[in-house]
1. Taking 25 °C and 0.890 mPa s as the conditions, I'd like the Stokes-Einstein D for the chain in µm²/s, using the Kirkwood hydrodynamic radius from alpha carbon pairs.
2. Roughly how many percent of the accessible protein surface of the chain is carbon and sulfur, given a 1.4 Å probe and a whole-percent answer?
3. Specify which residue in the list 219, 163, 203 is farthest towards the positive end of the charge dipole of the stretch 118-231, using unit charges on the beta carbon of Lys, Arg (+1) and Asp, Glu (-1), about the Cα centre.
4. Taking only pairs that are 8 or more places apart or on different chains, how many Lys pairs in the chain have Cα atoms under 29 angstrom apart?
5. Using Cα-Cα distances under 8 Å and only pairs 6 or more residues apart, what relative contact order does the chain have, in percent?
6. Compare the peptides 262-273, 59-70 by average per-residue count of other Cβ atoms within 10 angstrom and give them in order, highest first.
7. Measure nothing fancy, just the Cα-based angle from helix 91-107's long axis to the longest principal axis of the chain, in degrees from 0 to 90, nearest 10.
8. Which order do the peptides 78-85, 114-121, 286-293 come out in when sorted by mean C-beta neighbours inside 10 angstrom, highest first?
Amino acid sequence: MILALFASLVVLFILGVPVAVALGLSSSIALLVGADTPLLVLAQRAFVSLDSFPLLAIPLFMLAGVVMEYGGISQRLINFANALTGHMTGGLAIVTVVTTMFFAAISGSSIAATAALGAIMIPAMIRRGYNKELAGSVQAVSGTLGIIIPPSIPLILYGVAAGASIGDLFIAGIVPGFLIGLGLLITVVIIAKKHDYPKEPKTSGKELGQAFLGTIPALIMPVIILGGIYSGVFTATEAAAVAVAYAFFISIVFYRSITFSNIGAILKQATTTTSTIMFIIASAGLFSWILTIENVPQRVAGFFTSITENPSIFLLIIVALLLVVGMFMETNASIIILAPILAPVAMEIGIDPIHFGITMIVTLAIGMVTPPLGLNLFVAGKIADIRLDQITRGMIPFYIAVLITLLIIVFVPNVSIGLLNLFE
């Protein structure tokens, strides 16, 4: 059954079948070949994969992100970041990273951050004389912060798949997210000084204050979400519902940028994006169930513990594995399949499950900017009108920065769990 499962999956990937469909088809083929099981089980297991209260947070956070996008939050965040850092050398590239960090704390999605901000920032950088490779690559790699800085949909999926606290994961993702953002900023400054990219006009204190006031309602949103979760006022799922209500409130009352005529388009976009993610979760859950009934997790655990019981070496092996997986598999599917297998092994060796979760998410985030399946590269490359090989060439210094940060996260667990320990 396992041979049929993986052989058919590889063939489907080679044929270019979408990830969600490939996972579902390979699971169906495996059941037909290797088990006397009614096909009705396929539908039952797919439903079970989705029948989870914490997963309800995903469509709600997606809806909140779309509302914020329609509400003009992207432009207001850009205006504030530009007022704050635009006067530095390579100002627009710096603004891109800073704005994406703000947006990541609202949207929870890497693709949403890359698409929404890239549509504005990439053409702006190109007009100011930045080469297309840098303009596309800095937005693509900044977009990965969308799944690291909470609220993050992959962190929710890891929490569900590994049985870890989503609230703890959200808190643990703050410092690593900002550390990666800092690494990207340092890289941008070095590149900008080397190529003497232009500065933007320096804003006055009054203009900075006005830009800040315009973003206060949006910047309060992550505080409400994380504060509410960790204070015990509401769960992560309830926080997502609060985020939707708050996003509608500020967009309608404060910014007056959404009217009832927009509601249909907002719901349609949120539903389309959510259905794609849920399809992947259902198919990946079915795939994971077959692995479980065939005792693959136990075999994997035995394999890794036979190699090493040293936590640091184990994490390096997992990082290498996930870097390869991220190149060929969609992030959400990778989490649903691998987290239930790898997280128990990590805990058996003595690795904190929250630390392991952050390491896993950060590593898979790199896959979003790594060919051949790097979705952020495709989105940013399309906006910049450059080929995959061109934007990948521009990514090289950013790969170095993110990998260095990843190693810090791996070898210094307090980067992930230090803030969590302070809250406790």
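1. For these conditions, the coefficient is 111 µm²/s.
2. 69
3. Towards the positive end, the residue furthest out is 203.
4. 12
5. Result for the chain is 26 percent.
6. Highest-to-lowest ranking by the protection proxy: 59-70, 262-273.
7. Result, in degrees: 50.
8. 114-121, 78-85, 286-293
The values are calculated or read from the model by the stated rules, or taken from the named source; none is laboratory data. Just so it is clear, the structure is predicted and the values come from calculations on it, not from any experiment. Counting neighbours? That spans all protein chains shown, and the Cβs are built from the backbone with ideal geometry, glycine included. Just the protein is used for accessible areas: all its heavy atoms, side chains included, with ligands, DNA and RNA removed. Shrake-Rupley method; radii C 1.70, N 1.55, O 1.52, S 1.80 Å.
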